[in-house]
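*Asks:* First the structure, which I've put down as structure tokens, then a few questions once you've had a look.
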Amino acid sequence: MSTDAKGLNFVKLAPWIYTAALFAIWEAAVWIFNLPVTFLPAPSRIAAAIVQYWGPIWSNSIQTLYTTLLGFVLAMVGGLAIGLLIGWSRSIYAGLYPLMIGFNAIPKVAVVPILIIWFGIGSIPAIITAFLISFFPIVVNVATGLATIEPETEDILRALGAKKMDIMIKVGIPRSMPYFFASLKVAITLAFVGSVLSETVGSNTGLGNMMAAAQSRFNVPLVFAGLVMLAIEGIVMYAIMAWIERRMTGWAHRSSMG
Amino acid sequence: MHLVNIDDVEMRYGGPEGTLAVSGLNVKMDRGEFVAVVGPSGCGKSTLMKLTTGLQRPQKGAVVVAGKEVTKPISIVGMAFQNPIMLPWRTTLDNILLPLEIVEKHRKRIRTHRKEYVERAEHLLELVGLKGFGEKFPWQLSGGMQQRANLCRALIHEPELLMLDEPFGALDAFTREELWCVIRDLHANTDVTVMLVTHDLRESAFLADRILVMSARPGRVLADHEVPFARPRQLDLLYDNDFNHLVQELHSEIARARDNA
Ligand SMILES: Nc1ncnc2c1ncn2[C@@H]1O[C@H](COP(=O)(O)OP(=O)(O)O)[C@@H](O)[C@H]1O
Ligand SMILES: [Mg+2]
């Protein structure tokens, strides 16, 4: 009993211990190898930079979070809608799927300049890039949930006179929800990639822009401070998505359904 | 008049060049009858069920159920398969009520008369020995219990025709025998007509009034056995000599049908 409790505590503490260890080793390595701050600043130096530049770091973090979340919410709504549409009809699937795969294969960094031509420098290109990059996994997951309905389930319902819409509402949509919520974890991470990418290529706000500017002034601690903020935002949003997933679709973890 | 009349039916999957699943198929079932269908694997037994329920249309011949030619799915049937496929996000009770949310006759009514339908579901749960399990989720039930609930779902809209496609194939021997008795009693206590597809010959001989032996693909009916044993039948019938003779005869007929393919 007491060893159990201890084991559990250790598992709970493990992420903190490992993170602390990473920073400790990093700090030690910088001291031991006497690395110049323009190459790899020590965590303590990064912390100092965060304190020193807190004003701009905070406002840029909020800006990045804002564009990321807006793009992500659009991807969530659009991805769910397109995913259901694709799962609904074989012909829509056949028509749209290759288009989307092709579109997904385009490096988003090549799209950003076009977005800037269309919408100018500002938040909109970042929002759209975040949307474009995070939308695909949501679509694929939702469509997978629909495509894997057991044929017997459909047979039983169709034999009772169910229309396609009935099957969709009673089985398709609930069944695709675990897939949808699981995809949100991947999508939110990708959304950050998209917004920061866009801010780095062409913007005058956001963490991506701040880091690009700091880099050109050789302010390496500030670059790393930006990275740390991104990591924190990413982890927090991921945790929120994981929590939502568990809340919304607990049944999927209990039953054998994958 | 027969409840089910399948007359010289031919059915091919996947276009003119596709698999000929059944050909020259003739099946008649009276109201209240219990008919078992046995035959080699892949001979078209499930196809026969799909034709009867209107999930598939024949290319030749006619399928008539309750005096009407079947041209689209008909809701006077209830179906249960080997895989109980309960929806895991619904409780057992809500799974059982699902057909009522679909069938034309009940789908509007269930919103206002839910209590009455819940009572009906609970009555069925009691019949199959699952009293009090309605609030459990399917994953909290064993395989045998899920299959019992599956039977309730097949029966909730009071179908005239119950279609069972190898419903007990995945269960252990004891659970299977328990469920034979459940089906036996359901059939005895209601006027439901049952078609049971099975590969378990003892199951067919224990439960059915009539056993149809099908040929290898393309499937048609090779032999039609009256099952002579008096009802109500008890499980010790399984050790009766005549019973075992019948089972052996069925077995060799199917072996021959398979070899002739
Ligand atoms: N949807 C389908 N498409 C193509 N062929 C099918 C389909 N369903 C069944 N078949 C074929 O039809 C034949 C009969 O199938 P089925 O009725 O399921 O046999 P049984 O239930 O007796 O094992 C088999 O050869 C099978 O491969
Ligand atoms: Mg079959």
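*Asks:* List pairs: first residue in segment A:208-223 and free of Cβ contacts under 8 Å to residues at least 40 places away in the same chain, second residue surrounded by fewer than 17 Cβ atoms within 10 Å (Cβ to Cβ) anywhere in the structure, Cβ distance under 6 angstrom, at least six positions apart or on different chains.
*Replies:* Taking only residues 6 or more apart or on different chains, the pairs are A:223/A:215.
*Asks:* Can you tell me which of (1) within 16 Å of ligand 2 (Cβ to nearest atom); (2) over 22 Å from residue B:104 (Cα atoms); (3) outside any loop (DSSP other than H, G, I, E, B) is the one residue B:163 doesn't meet?
*Replies:* Of (1) within 16 Å of ligand 2 (Cβ to nearest atom); (2) over 22 Å from residue B:104 (Cα atoms); (3) outside any loop (DSSP other than H, G, I, E, B), only one is false for residue B:163: (2).
*Asks:* Oh, and also: How about segment A:159-189: which of its residues are among the aliphatic types (A, V, I, L, M) and free of Cβ contacts under 8 Å to residues at least 12 places away in the same chain?
*Replies:* Within segment A:159-189, A:159, A:160, A:162, A:165, A:169 qualify.
*Asks:* Scan segment B:188-202 for residues that are surrounded by 22 or more Cβ atoms within 10 Å (Cβ to Cβ) and not hydrophobic (A, V, I, L, M, F, W, C) and report the count.
*Replies:* The qualifying residues number 2.
*Asks:* Out of (1) away from chain B (no Cβ under 14 Å); (2) crowded, with 17+ Cβ neighbours inside 10 Å, what's the single condition that is false for residue A:249?
*Replies:* The single condition residue A:249 does not satisfy is (1).
*Asks:* Oh, and also: Inside segment B:1-115, counting only helices (runs of 4 or more DSSP H) that do not spill past its ends, which hold 2 or more residues that are of a type in the set (Val, Ile, Thr)?
*Replies:* By residue number, B:45-53, B:92-97, B:109-112.
*Asks:* Still on this structure: Among the listed residues B:222, B:237, which satisfies the condition of being away from chain A (no Cβ under 14 Å), within 16 Å of ligand 1 (Cβ to nearest atom) and hydrophobic (A, V, I, L, M, F, W, C)?
*Replies:* Exactly one of B:222, B:237 is away from chain A (no Cβ under 14 Å), within 16 Å of ligand 1 (Cβ to nearest atom) and hydrophobic (A, V, I, L, M, F, W, C), namely B:222.
*Asks:* A further question follows. Which helices (runs of 4 or more DSSP H) sit wholly inside segment A:124-225 and have at least 1 residues that are more than 14 Å from every other protein chain (Cβ to nearest Cβ) and either more than 30 Å from residue A:42 (Cβ to Cβ) or more than 14 Å from the chain's Cα centre (by Cα) (or both)?
*Replies:* It comes to A:173-201, A:206-216.
*Asks:* Now, a different point. Testing residue B:107 on (1) under 19 Å from residue B:34 (Cα atoms); (2) in contact with a helix residue (DSSP H, G or I) (Cβ under 8 Å, 6 or more places away or on another chain), one condition comes back false. Which one is that?
*Replies:* Condition not satisfied by residue B:107: (1).
*Asks:* Of the conditions (1) exposed (fewer than 13 other Cβ atoms within 10 Å of the Cβ); (2) modelled with pLDDT under 90, residue A:110 fails just one. Which one is it?
*Replies:* (2)
*Asks:* To continue, here is another question. What number goes with the only condition from (1) within 13 Å of residue B:163 (Cβ to Cβ); (2) more than 16 Å from ligand 1 (Cβ to nearest atom); (3) modelled with pLDDT under 90 that residue B:82 does not pass?
*Replies:* It fails just one condition, (2).
*Asks:* Looking at B:129, B:61, B:78, which one is farther than 30 Å from residue B:23 by Cα and more than 8 Å from every other protein chain (Cβ to nearest Cβ)?
*Replies:* Answer to the check: B:129.
*Asks:* Starting from residues that are surrounded by 20 or more Cβ atoms within 10 Å (Cβ to Cβ) and touching a residue at least 24 places away in the same chain (Cβ under 8 Å), keep the ones in segment B:59-74 and report whichever is nearest to ligand 2 (Cβ to nearest atom).
*Replies:* Selected residue: B:63.
*Asks:* If residue B:128 passes every condition in (1) of a type outside the set (Ser, Thr, Tyr); (2) modelled with pLDDT of 90 or more; (3) under 26 Å from residue B:89 (Cβ atoms) but one, which one does it miss?
*Replies:* For residue B:128, the exception is condition (2).
*Asks:* Turning to a different aspect of this structure: For the structure I just gave you, tell me whether residue B:85 is surrounded by fewer than 24 Cβ atoms within 10 Å (Cβ to Cβ), within 14 Å of chain A (Cβ to nearest Cβ), touching a Leu at 6+ places or on another chain (Cβ under 7 Å) and not polar (S, T, N, Q).
*Replies:* no
The values are calculated or read from the model by the stated rules, or taken from the named source; none is laboratory data. These numbers come from a predicted model, not from an experiment. With ideal geometry, Cβ positions are generated from the backbone for all residues, glycine too; neighbour counts draw on all protein chains shown.
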